[in-house]
Each structure stands twice: as C-alpha cells, then as structure tokens.
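A.B. asks: Handing you a structure now.
Readers should treat all values here as calculations from the given coordinates under stated rules, not as data from a laboratory. Note that the coordinates shown come from a computational prediction; the quantities given were computed from them, not determined experimentally. In this analysis, Cβ positions are derived from the backbone assuming ideal geometry, glycine residues included, and neighbour counts consider all displayed protein chains.
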Amino acid sequence: MKMLKKLGVTLLGVMMAMPVVQAADDELVVYSGRSDKFVKPVIKAFTRETGIKVILHSAKSTALLNKLKIEGERTHADLYLSNDAGNLQLGSQMGLFQPLPKNIVDVIDPELRAEDDTWVGLSARARVLVANTKVDTSFVKSVFDLADPRLKGRIAVTHSGNGSFIAGVTVYMEAAGVEKTRKWLEGVKKNADGRTFNKHSKVVKAVASGKRAIGLVNHYYIYRHLDKSPDAPIKVIVPDQADGEMGVAWNVAGIAISRYSKKSAAAIQFVEYLVSEKGQKLFSEVNREYPARKDVAASTVIPAADTIRRSAVEMATLGKQRNATIDLLEAVGMP
C-alpha cells in the first residue's frame, strides 16, 4: 500500500522498464489505464473522422501517473486516460495537466470533472453488490452489511490496492465517517477469510460459481458477465438506497491533456470528440458504463442513472483524500 502513496519513488524501477513511446508529428500518444478493447472503438471512430492517429500506451493508471511525473517535460504523452478520478485529481494536484477549454468541459456535470478543468470525466460507474440468486442474502441492504458475521468466508472483494476499492473506501469514509469505515474494513477482512481477488471479473465468477455468496464490484462487470452467460445465477444489489442512507459510491473514468504536450490542438480535438454525444455513446456503450453527459442515454441493459441514489461525495475528493484512505487501509492491515 505504501507504494501508492510515495508516487514516483518505489515504482521507479517499473517506470524505467516501460518502453519509450515514439510518435509521428501527426499522431497522439495516450497513456491509458483502461483495457484497449474498451478504448479502441472510440479511437477508431475518431481517426476515421479526423485523420488523426492515436497510439495507446496501456498499463495501470497509477503506474502511468508515476511515469508522467518522472518523465516531466521529457514525456511523449499527449493525454492521460485513467479509470479512476482519484488518479486524475492527483495528477492535477501535481501540475501534470493543462486546463481544458471551457466550452468542452461545460457539457459534463461539474461534479464529474476537476474544479480547475484540468481533467474531465468520460463515463461513470457504481460500486454495487453481486449476489448469487441461489443463496439467501436478503439481509444485505448496505455495503456495510458485508461485515455481518453471517457472511464469514462467504464474501468476495478485490485486494485493497485496487483503485476502485480505494476510491470506494474514500467515499465511505467521507459519507459515513472514519470509525464506521474502520469497523467495516475489519469485518470485511475477517469475512474475506484471508482471500481477496486481483480482478473484479474474478469476484463475479466466484459468486456465479457459488464459491462465494456475495461480492463488491463495479456494476459493469456484472453486466459483462451476463452478456456472456445470461443464465448465470447472479443478481445486482444496489446498496444504501433507503432514505437517509449514503447512496452508492460513484467513480468516473476520465481524461486529461499533458501539461507538456506539443500537440495541444489535436489533443483538445480528441477530448472534444470523447465528450461529444457520439463519443459519449460509443465510449459508454461498449463499457456498460454511464455517460458523463446527462443528455446521452446509457445502455438499456443497465439501470437508468436517475433511478440510483448516489453518494454526494465529489469526484475530486477521491484524489484529495486518497492518502488518508491508504493510511486507514494500512492501519487495518487490509490484504
């Protein structure tokens, strides 16, 4: 966990091992923390319409943020695409990005972008529960119920170094308080029974197979699993929806332009395409996520965004409070 806090120090060896990305004058380089298969469709459409080629340099969002920081003005990256608002906000605080034009960012809800317009959200996701339909989990209404002793050895969660896990815990700390979140983490640690998963897709598979009764994941992993296995015995539980409850934790994938990009005009054109109605529909549909624009409908496969009670915690907070979250995870000894 400490390696996440000390950006650019303990991951230095990893950064140096990454290949140097070269691009022609008419090509954009994107440091992308998303899987290529979820980014390439919109890139192909953008290139087809503009003639501007885009090179993806893909790795973990945190690793790429470290790479940007270490490279500084020597970087070949024109844009940084992250699957987590926390990393985007950290990059903003480190001065790695340049402000985006107001007319571009204004089409995105203010709570889904940086306060200084240095990054903008592209698609949103909810932290929900996946439950096996053959098992009684009717007593689970809140994410905090994952600490219920009745679920000892029956829950599936990712390891605590997962970006979405960190972001979710930040939301819970802000919305419900540090002590309640600490006790919850202690219960989750006990109920996980010494086993965590390195991917959300594996959490869903463990629940679908009956090896675990319930798991905590980003919503789209459930729907992607159902795309392939429509008869899988799983269901979605959207937690903390009753009046007075905190609502579901929300996060966004987003993009920023490198402060040192020498192709700002083309980079701006790319961001403009991503936040356009066409780009938003393409980007979110393939991911089973929610468009960051309210005027673009999400896939009909997933629940409408306006039917979900969301936490009021702003996306920028995921970066501002990241170190405090990591401190708590380390204190609890989360695996």
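A.B. asks: Using 0.36 nm per residue, how much length does the chain from LYS202 to ASP116 gain when fully extended, once their Cα-Cα distance is taken away?
C.D. replies: Extending this stretch completely gives an extra 27.3 nm.
A.B. asks: Now for a separate question. For q values of 0.09, 0.13 Å⁻¹, compute log₁₀ I(q)/I(0) with the Debye formula on a Cα-only model of the chain, without solvent.
C.D. replies: The Cα Debye sum returns log10 ratios of -0.46, -0.97.
A.B. asks: Using the alpha-carbon centroid of each, what span in Å lies between the range 21-92 and the range 210-289?
C.D. replies: Spelled out, the Cα-based centre of one part sits 18 Å from the other.
A.B. asks: Also: Under 13 Å from the Cα of LYS183, which aspartates and glutamates turn up, not counting those fewer than eight places away in the same chain?
C.D. replies: Here the aspartates and glutamates satisfying the reach criterion relative to LYS183 are ASP145, ASP148.
A.B. asks: To continue, here is another question. Give me, ordered by chain and number, the residues 5 or more places off ALA126 or on other chains with an amide H under 5 Å from its own placed amide H.
C.D. replies: Residues meeting the criterion, in which the H sits 1.01 Å from N, are HIS219, TYR220.
A.B. asks: Pull out the extension gain between ASP295 and LYS102, defined as 0.36 nm times the separation in residues minus the alpha carbon to alpha carbon distance; nm, one decimal.
C.D. replies: Going from the current span to full extension adds 67.7 nm.
A.B. asks: When DSSP beta bridges are limited to those with both residues in the range 88-246, what percentage is antiparallel, rounded to the nearest 5?
C.D. replies: DSSP beta bridges in the range 88-246 are roughly 75 percent antiparallel.
A.B. asks: Sort LYS134, LYS278 by Cβ crowding within 10 Å, fewest neighbours at the top.
C.D. replies: Sorted ascending by nearby Cβ count, the order is LYS134, LYS278.
A.B. asks: What is the local net charge at ALA45, summed over the other residues whose Cβ is closer than 14 Å to its Cβ (Lys, Arg +1; Asp, Glu -1)?
C.D. replies: Combined, the nearby Lys, Arg, Asp and Glu give +2.
A.B. asks: With labels modelled as points extended 7 Å from the Cα through the Cβ direction, what inter-label distance (nm, one decimal) is found for LYS235 paired with GLN93?
C.D. replies: 4.0
A.B. asks: Using 1/(1 + (r/R0)^6) with R0 = 22 angstrom and r between the beta carbons of LYS141 and ASP109, what's the FRET efficiency to the nearest 0.05?
C.D. replies: 0.20
A.B. asks: Within straight cross-link reach of LYS60, meaning Cα distance under 13 Å, which aspartates and glutamates are found once same-chain residues fewer than 8 apart are removed?
C.D. replies: Counting by Cα, and skipping residues close in sequence, LYS60 has these aspartates and glutamates nearby: ASP36, ASP84.
A.B. asks: Next question, about the same structure. What FRET efficiency do you get for ASP26 and VAL286 if R0 is 22 Å and r is their Cβ-Cβ distance, rounded to the nearest 0.05?
C.D. replies: 0.30
A.B. asks: Right, another one. Modelled label-to-label distance, LYS183 and LYS40, 7 Å Cα→beta-carbon offset: nm?
C.D. replies: 4.9
A.B. asks: Between LEU28 and residues 5 or more places away or on another chain, which pairs have amide H atoms under 5 Å apart, with H built 1.01 Å from N, and which residues are they?
C.D. replies: Correct list: LYS53, VAL54, ILE55.
A.B. asks: For LYS211 and ARG309, what is the calculated FRET efficiency with R₀ set at 30 Å and r taken between the beta-carbons, to the nearest 0.05?
C.D. replies: E(calc), rounded to 0.05, equals 0.50.
A.B. asks: Which net charge results when you count Lys and Arg as +1 and Asp and Glu as -1 among the other residues whose beta-carbon is under 9 Å from that of TYR220?
C.D. replies: +2
A.B. asks: Using 7 Å Cα-to-Cβ label points, what is the SER58/ASN323 separation (nm, one decimal)?
C.D. replies: With each label point 7 Å from Cα toward Cβ, the separation is 3.3 nm.
A.B. asks: Restricting to Cα pairs below 8 Å that are 6+ residues apart, what does the relative contact order work out to for the range 162-292? Please round to a whole percent.
C.D. replies: Relative contact order comes out at 20 percent.
A.B. asks: Ok, one more. May I ask you to sort VAL188, VAL301, VAL207 by Cβ crowding, counting other Cβ atoms within 10 Å and putting the fewest first?
C.D. replies: With the fewest neighbours first, VAL188, VAL301, VAL207 line up as VAL301, VAL188, VAL207.
A.B. asks: While we're here: Using 31 Å as the Cα-Cα cut-off, could you pick out the over-long pairs in LYS37/LYS262; LYS69/LYS102; LYS53/LYS202; LYS40/LYS190; LYS67/LYS199?
C.D. replies: LYS53/LYS202; LYS40/LYS190
A.B. asks: Just how large is the dipole of the range 109-162 about the Cα centre, in debye to the nearest 20, putting +1 at every Lys and Arg Cβ and -1 at every Asp and Glu Cβ?
C.D. replies: Here the range 109-162 has a charge dipole of around 600 debye.
A.B. asks: Assigning unit charges at the beta carbon (Lys, Arg +1; Asp, Glu -1) and nothing else, what dipole magnitude in debye, to the nearest 20, does the range 177-333 show about its Cα centre?
C.D. replies: Computed about the Cα centre, the dipole is about 580 debye.
A.B. asks: How large is the helix-only mean residue ellipticity at 222 nm for the chain, computed as the sum of -39500 (n - 2.57) over DSSP H runs with n ≥ 4, divided by its residue count, in deg cm²/dmol to the nearest 500?
C.D. replies: For the chain, the value works out to -11500 deg cm²/dmol.
A.B. asks: Quote to one decimal, in nm, the extra length available between ASP148 and GLU49 on full extension: 0.36 nm per residue of separation minus the C-alpha distance between them.
C.D. replies: Using 0.36 nm per residue and subtracting the Cα-Cα distance, I get 30.4 nm.
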